[in-house]
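None of the figures in this text is laboratory data; all of them are computed from the coordinates on show. This is a predicted model, so every value here is computed, not measured. Please note: Cβ atoms are built from the backbone with ideal geometry, for glycine as well, and neighbour counts cover all protein chains shown.
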Amino acid sequence: MSHIAGIGVYVPRYRIEASEINSAWARPGGRGRKAVAEFDEDALTMGIQAAHHALTHAGVAGNKLDSISFASVSSGYAEYSLAAQSTQVLGALVSANVADFGLSTRAVTSALQAGLDGVHSKRISHALVIASDKLIAQPGSSFEPNYAAGAGALILAQRGFAKIEGTAAATSGFVGLSRREGAFHGLIDERFVMQHGFLEAAQAAVMRLQDSVKISEWNHAVLQAPDERWASRLLKNLKIAPEKLRSGTAQIGYAGCATFVIHLALAFESAKAGEQILAVSYGPGGCDAVAIKVIERPKFSPSIKDILASGELIKYPHYLRISKLLRGEP
Amino acid sequence: MTTPHQWRISESNAKLIGYRCPKCSWVSFPEKKRACKRCGSAPVEMMGFVMKPFGKIVSFVVQHRLPEGFETPLPLAIIEFEEGARAAGHIIDCKLEELHVGFEVEAEYRIMYEENGLTMYSYKFKPRRSH
Ligand SMILES: [Zn+2]
């Protein structure tokens, strides 16, 4: 089976508090904060930063990569290969495989699965999986305080600090979200989608995973889904204690594909050797579940917790301006 | 579409490849020169190598009046890489009061501008935080 040899996280410098956004719209309260990308950052630039961190973490040079995959739902292009663009910047050889995954936040686990298959078959010795998103929600929408930006990257190899024990998928075909290019992120009928689009598929995927992998106990749970409340429902249904959830949503918000890797890094940081991580990834139409066994707790410098907790708070007009949501007459 | 000039320097730009003069060790970036600017050797076959993303500010200006599309105030600096190459670049993620000659920076890949619907990327420089 394939291993994870390195993991890297990139979170942009700015944060805005949910209460600051709510107050602009004359709404009370608001919990947590989210990360905000600078005007000159996008899925590609953030993904490259995370990839550099993952390569350093794994102690692998860019020219050792045989495969580079890029998962994102916010590239903004209908045709444009983020994976190919990354290859040159990361110093990978021209012969490296490149693949782009998108159209669903589940793209992160699709990219992971492809990398795992390549490493497992020994066709690939080092695979880089980049997940990066800059989600821009409609100002004033309920998604705005949570939809954020960030990136994560994984190096898959024959050896590493964690072993992928198995994967399972469940695809119901339930359509939870469709979004035209250029439209704001986050258009979802939440309660209905959570029950039929998410919970049923997630539970089916986890059941299938538990059938194929011998698991005594899940020590940590990681979820990539647009709403933190979905996580507590899933854990409750699966009879996993809520304190096992590893999440940075309160510090940096939800960043699509990237959230899967960022939360996984948090789980690694708090895991002990031999512990099992359940990682679930949601996308409209279904879920993927991954079982990961920690061989040795990896070291992070700076710590993932510190990366998520740091940042500089900005006000709502600043946020609108750098997110290109303020448009005036020239 | 990538233009011919962008393509010529895109690889060295993207990978931070510098070119070292075999006679005097002067480093050219991002273009590979046929003549050395320091010792004057010509023709000369400069050797490409990947530079570290670290350097120092040699001089800087803060721009306050720029056409639409630019964030102001925008600091622009001459950076000297550890390997000796010099390049001009935008300073980002930084408070203006922090800036000074000798300030240590690291290169980070960012959006430069958009042209014909295609985003162009290159390095900008932020305060050095990693080692
Ligand atoms: Zn010379």
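Between A:81, A:23, A:172, the GNM of chain A built on Cα springs shorter than 10 angstrom shows A:23 fluctuating the most. Estimated purely from DSSP H runs of n ≥ 4, each contributing -39500 (n - 2.57), the mean residue ellipticity at 222 nm for chain A is -9000 deg cm²/dmol once divided by its residues. Scanning residues 5 or more positions from residue A:68 or on other chains, those with amide H under 5 Å from its amide H are A:97, A:98, A:99, A:128, with H placed 1.01 Å from N in the peptide plane.
Count neighbours as other Cβ atoms within 10 Å of each site's Cβ, and list the trypsin sites (Lys or Arg not before Pro) in the stretch A:195-229 that are DSSP loop with at most 14 such neighbours.
When the trypsin sites (Lys or Arg not before Pro) of the stretch A:195-229 are filtered for loop state and at most 14 Cβ neighbours within 10 Å, A:214 remain.
Taking GluC sites (Glu not before Pro) across the stretch B:33-131, the ones in a DSSP loop with at most 10 further Cβ atoms lying within 10 angstrom of their Cβ are B:45, B:68. For the stretch B:1-125, a simple Cβ point-charge model (Lys and Arg +1, Asp and Glu -1, everything else neutral) yields a dipole of about 740 debye relative to the Cα centre. Using a Debye calculation, one point per C-alpha and no hydration shell, please list log10 I(q)/I(0) for the stretch A:1-89 at q = 0.16, 0.23, 0.24, 0.25 Å⁻¹ in order. Ignoring solvent entirely, the Cα scatterers give -0.78, -1.16, -1.21, -1.26. Separation of the stretch B:87-101 and the stretch A:1-63, taken as the distance between their Cα centroids, equals 22 angstrom. Each of residue A:121 and residue A:23 was given a label point 7 Å from its Cα along the Cα-to-Cβ line. The distance between the two points is 5.6 nm.
Here the protein assembly as shown is treated with +1 on each Lys and Arg Cβ and -1 on each Asp and Glu Cβ, and its dipole about the Cα centre works out to around 800 debye. Evaluated with a Cβ-only charge set (Lys, Arg +1; Asp, Glu -1), the stretch A:163-294 carries a dipole of roughly 160 debye about its Cα centre, given to the nearest 20. The distance between label points at residue A:212 and residue A:141 comes to 3.4 nm (points 7 Å beyond Cα on the Cα→Cβ vector). Restriction of the GluC sites (Glu not before Pro) in the stretch A:245-330 to DSSP coil positions whose beta-carbon has at most 15 other beta-carbons within 10 angstrom yields A:296. Taking one quarter of the surface of the convex hull spanned by the alpha-carbon atoms of chain A gives a direction-averaged projected area of 16.3 nm².
Compared with the rule-of-thumb size 2.2 N^0.38 Å for a compact globular protein, the stretch B:52-131 has a Cα radius of gyration ratio of 1.10. Taking label points 7 Å from Cα along the Cα-to-Cβ direction, residue A:303 and residue B:97 give a separation of 2.9 nm.
Shielding value for A:37-49 is 4, the average number of Cβ atoms from other chains within 10 Å of each residue's Cβ. Rounded to the nearest 10 degrees, the angle from helix B:4-15 to the longest Cα principal axis of chain B is 80 degrees.
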